[in-house]
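Just so you know, all these numbers are worked out from the coordinates, no wet-lab data involved. All of these numbers come straight from a predicted model, not from anything done at the bench. Positions of Cβ are generated from backbone atoms using ideal geometry, with glycine treated the same way; all protein chains shown enter the neighbour counts.
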Amino acid sequence: MRKIKSYLEEVDLEKIRKRFDAFWEREIIDRPLISIKAPRKDSKESPLPIPDTLEKRWTDLDYILNKMRFSLENTLFLGDAIPFYMPNIGPDSFTAYLGGDLKFLDERTSWVEAFLQNLAEYEPIFDKNSQWWRFMNDLIDAVCEVAKGNFLVGIPDLHGGGDSLAAARGPSHLSLDLYDRPDEVKRVLRKLTGIYYEVFDAYYEKISRVQEGSITWLPAYSRGKYTALQNDFSGFVSPAMFGEFFLYEIEELSRYLDNSIYHLDGPSSLGNLDALLEIDTLDGIQWVPGAGAKPMSGWVDVSARILDAGKCLQISCKPEEVEFLLSELKPEGLFISTTCKTEDEAYALLRKVETMSSR
């Protein structure tokens, strides 16, 4: 891989950091937070050969680093968009560190085959000698080696707790366990929370050697420990079960982190929103309407409810929705992400946001 240039020099990183400082305090400096990305006019395709197997496309470090470089090189970062790369082997990586067999479905998705037959005998153990933990460490080290001063390194995607247990047990089996073996489910979930701390701290320690602060796939920036909290499985249970089984981990992790945003995915998860809004240590909510749902502009009521509860809100929308959403939602604690089709469209959108903020 040829020498990577500094993409951080193309953005006003310190101003962006200050805007995020204000965001976490539910304040604004000069305008709402908005991340705008677009393909560059001079975007190029990578001339490098693509590995001949799917697993190599996920695990060949040279290929990954070159793909990373081309992604950064071809992306325009405007507003509060921060150039960063997140080392990634898929959402079930956490469970792979516990002994799960990681399978790659395509170049974007991987999963772990359910392997847990007897919940009562399950003692989750963080295997630091596992193939996938060793690979993730190698990947983070390789990314960090070229990142310092050039781009930020993201905390890898972490699905612990309910999502990890659903991956190990299978969602349908775990659904029955909530009724048939509630004490065993709670016992395992507590152990998984303890392992989550270990994994996050290992990630954070490595990344902190080359940068100040944290960013992740949910691209807010924090000067301290931050990641996205998530439990997609909990969208399939009642609010009462969510409170009984899954709220504990969110409360514990949000208390431990300096900043946190919970990923609330799809209408089926909205029944859990009231309980989440009552967690004092949880900074914010990312609301995602989900596949097939109406666009973000159709969810102003949900967005306003989150902001009015004193929480930060992160949402993604189409460029043409930005002006409407900014006119309907209060700016304090709001962070909008969007992707434009062209550089010209991206610059025009940023000018519009700045004009709206100066009125």
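Taking a label point 7 Å from the Cα of Glu55 along the Cα→Cβ vector, which residues of segment 89-110 have an amide N closer than 17 Å to it?
Residues 89-90, 93, 96-97, 99-110 qualify, since their backbone N sits under 17 Å from the label point.
Taking the dipole about the Cα centre of the chain, with the C-beta of Lys and Arg at +1 and of Asp and Glu at -1, give me whichever of Leu165, Ser254, Ser43 is farthest to the positive side.
The Cα lying farthest towards the positive end belongs to Ser43.
5 Å is the cut-off here: which amide hydrogens, built 1.01 Å from N in the peptide plane, fall below it relative to Gly290, excluding neighbours closer than 5 in sequence?
Gly266
Amide H neighbours of Thr216 under 5 Å, counting only residues 5+ apart in sequence or on other chains, H built in-plane at 1.01 Å?
HN-HN under 5 Å from Thr216: Ile155.
Mind listing the long-range amide H neighbours of Leu76? Cut-off is under 5 Å, sequence gap 5 or more, other chains count too, H placed in the peptide plane at 1.01 Å from N.
Long-range HN contacts for Leu76: Ala38, Arg40.
Need one number for the chain: average projected area of the convex hull over its C-alpha atoms, nm².
Working: hull surface 69.6 nm².
So the Cα hull casts an average projection of 17.4 nm².
If you take every DSSP beta bridge whose two residues both sit in segment 8-357, what share of them, in percent to the nearest 5, is antiparallel?
25 percent
Work out from phi, with θ = phi - 60° and the Karplus expression 6.51 cos²θ - 1.76 cosθ + 1.60, the ³J(HN,Hα) of each residue of segment 272-286, listed in order in whole Hz, and give x for Gly and Pro.
Result, ordered by residue: 8, 5, 4, 5, 5, 5, 8, 7, 4, 7, 7, 6, x, 10, 9 Hz.
Using the charge dipole of the chain (Lys, Arg: +1 at Cβ; Asp, Glu: -1 at Cβ; taken about the Cα centre), state which of Leu102, Ser234, Met296 has its Cα farthest towards the positive end.
Met296
State to the nearest 20 debye the size of the charge dipole of the chain about its Cα centre, where the only charges are +1 on K and R beta carbons and -1 on D and E beta carbons. Write out the running numbers ahead of the final one.
Working: 42 positive and 59 negative charges, 192 e Å.
The dipole of the chain has a size of about 920 debye.
Among Trp133, Pro219, Phe115, whose Cα projects farthest towards the positive end of the dipole of segment 8-357, with charges put on the beta-carbon of Lys, Arg (+1) and Asp, Glu (-1)?
Pro219
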